[in-house]
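Every read-out reported here was derived from the displayed coordinates using simple, explicitly stated rules and does not represent laboratory data. Note that the structure is predicted; figures quoted are calculated from it, not measured. No Cβ is skipped: glycine too gets one built from the backbone with ideal geometry, and neighbour counts run over all protein chains shown.
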Amino acid sequence: MARIDYLKAQVARAERLAKAILDQHTAERLQAFAAECRAELQVLSLKPAA
């Protein structure tokens, strides 16, 4: 469960930074990172609890 909380925090942080930053390339990389975290969250949420 800790990994899920970590990923949720990273998504929120990356999206917040992407909106505030002026450099377009960095903003795009932050959005891509947020998308990767969301994809991992989706995979983790489908796994049954151990």
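With helices as the sole contributors, the chain gives -29000 deg cm²/dmol at 222 nm; each DSSP H run of n ≥ 4 counts as -39500 (n - 2.57), and the sum is divided by every residue.
Of 46, 22, 12, which is farthest towards the positive pole of the chain's charge dipole, taken about the Cα centre with +1 and -1 on the beta-carbons of Lys, Arg and Asp, Glu respectively? Value computed over the given set: 46. Under a model in which nothing but the beta-carbon of Lys, Arg (+1) and Asp, Glu (-1) is charged, the chain shows a dipole of about 160 debye around its Cα centre. Spin-label model, residue 39 to residue 13: label points 7 Å out along the Cα-to-beta-carbon direction sit 2.1 nm apart.
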